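Everything on this sheet refers to the single structure shown next.
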Amino acid sequence: MHRIARISLAIVLSLAVAILTAWAALAIWYRLPAAELGRAVASGIFVLLGLVTIIALFSRFRIRAFVLFVAVFAAVLVWWSTIKPLDHADWAPDVARQVTGTRDGNLLTLKDVRDFEWRSNTDFTERWTTRTYDLSGVQTADLFMSYWSGTKIAHVIMSFGFSGGDYLAWSIEVRRRSGGEFSPVADLFKSNPLVIIAAEERDVVGVRSNVRGEDVQIYRLKASPDTARALLLEYVSDANALSTTPEFYNSITTNCTTTIVKMMRAVGDVVPFDWRLIVNGYLPDYAYARGALDTRLPLSELRALAHIDERAREAGLSPDFSRLIRVGVPSPASSGH
């Protein structure tokens with residue numbers, strides 16, 4: 001019985017060592033400040049340490065091997081804790097600025113609202129503006145899903161509609177450097193900071209539908225003006241915080257979906273954990289099940305009407321973009337949800 005217990009414990013510890021070894025090896029590979037060869041050697045040494053530890057766990061050297069592994073892993077954690085996000089770097093132009101906002105009564109003034117004119121993914125006119133919005137005019141909140149890699153993963157954008165027909169979109173993105181690319185794996189390991197972009201829809205939505213050829217869908221949320229306004233202000237609060245205290249983007253824990261969920265909880269909405277918050281391509285299914293969309297129609301019909309690509313191409317990136325992409329899209333009556 002004692003032997004069975006010892007073997008069972010060794011198996012459990014081996015699984016833990018294997019997981020920690022994989023994480024540490026990848027962390028070293030992606031973040032060690034060394035040339036590629038140096039990173040490969042350091043990562044390989046840690047993998048070798050993990051393998052030796054697992055083998056030793058089934059021998060009389062198990063205690064000493066495990067203690068050594070824990071000590072080395074602790075050293076990696078200490079090093080890891082010293083890695084902080086950069087505040088200044090040669091950022092890619094479209095994520096070069098972090099929006100900030102100030103409020104004076106019902107007037108919200110935002111600095112560095114993006115309003116790029118896109119001709120292609122590499123040919124565009126940069127334009128950053130300062131805008132003032134009347135918070136009493138906030139009417140709606142809409143959810144954009146931009147599917148860039150199949151149906152399981154999407155980029156999420158929230159947009160707020162004002163009386164008079166103006167819209168302001170918010171996009172939580174990777175603040176990559178010039179020439180850098182988005183990597184879901186690398187961004188699990190403190191590779192890039194987070195940035196919150198406030199922009200015209202014809203910019204931040206249009207570049208995805210009309211320039212990058214992504215499958216963009218719009219879902220109009222069943223949110224009261226008060227709820228929409230509170231969520232908008234939560235975006236402003238988080239943007240202001242990021243401008244002074246940068247955070248890392250993380251593909252699982254701190255991304256375009258999880259940050260929105262955090263904001264919705266902050267304004268008092270109940271958002272139970274669900275696997276669709278991680279595999280976020282299914283976020284419309286989750287929202288429909290929670291009653292946040294127009295449930296008068298089947299979800300399949302809502303999804304069919306949600307695709308904006310054809311309307312967006314016909315509209316072009318014109319000043320009338322926001323109105324035209326909503327033609328035929330159901331707008332649920334406000335219910336205070």
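General remarks:
- Considering only residues in the range 181-198 that are touching a Leu at 6+ places or on another chain (Cβ under 8 Å) and of a type outside the set (Phe, Trp, Tyr), the one that is surrounded by the fewest Cβ atoms within 10 Å (Cβ to Cβ) turns out to be Val185.
- Residue count for the range 199-247 under the criterion of being open to solvent by 50 Å² or more (accessible area, probe 1.4 Å) and within 15 Å of the chain's Cα centre (by Cα): the result is 1.
- Answer from Val138, Val113, Val99, Val95 - the residue that is modelled with pLDDT of 95 or more, touching a Lys or Arg at 6+ places or on another chain (Cβ under 6 Å), buried (at least 16 other Cβ atoms within 10 Å of the Cβ) and closer than 21 Å to Asn250 by Cβ: Val95
- Pair list, Cβ < 6 Å and 6+ apart or interchain, from the range 94-121 residues that are over 17 Å from Leu242 (Cα atoms) and touching a residue at least 24 places away in the same chain (Cβ under 8 Å) to residues that are part of a strand (DSSP E or B) and of a type in the set (Phe, Trp, Tyr): Leu108/Tyr133; Phe116/Phe124; Trp118/Phe124
- Matching residues, the range 290-319, being loosely packed, with under 14 Cβ neighbours inside 10 Å and either touching a Ser or Thr at 6+ places or on another chain (Cβ under 6 Å) or among the small types (Gly, Ala, Ser) (or both): Gly291, Ser300, Ala304, Gly316, Ser318
- Flag if Gly161 is under 20 Å from Glu201 (Cβ atoms), among the small types (Gly, Ala, Ser), part of a strand (DSSP E or B) and touching an Asp or Glu at 6+ places or on another chain (Cβ under 8 Å): yes
The values are calculated or read from the model by the stated rules, or taken from the named source; none is laboratory data. Keep in mind that this is a model prediction, so the values were computed, not measured. Every residue, glycine among them, receives a Cβ derived from its backbone with ideal geometry; neighbour counts consider all protein chains shown. Just so you know, the surface numbers come from the protein's heavy atoms only, side chains and all, with ligands and any DNA or RNA stripped out. Shrake-Rupley method; radii C 1.70, N 1.55, O 1.52, S 1.80 Å.
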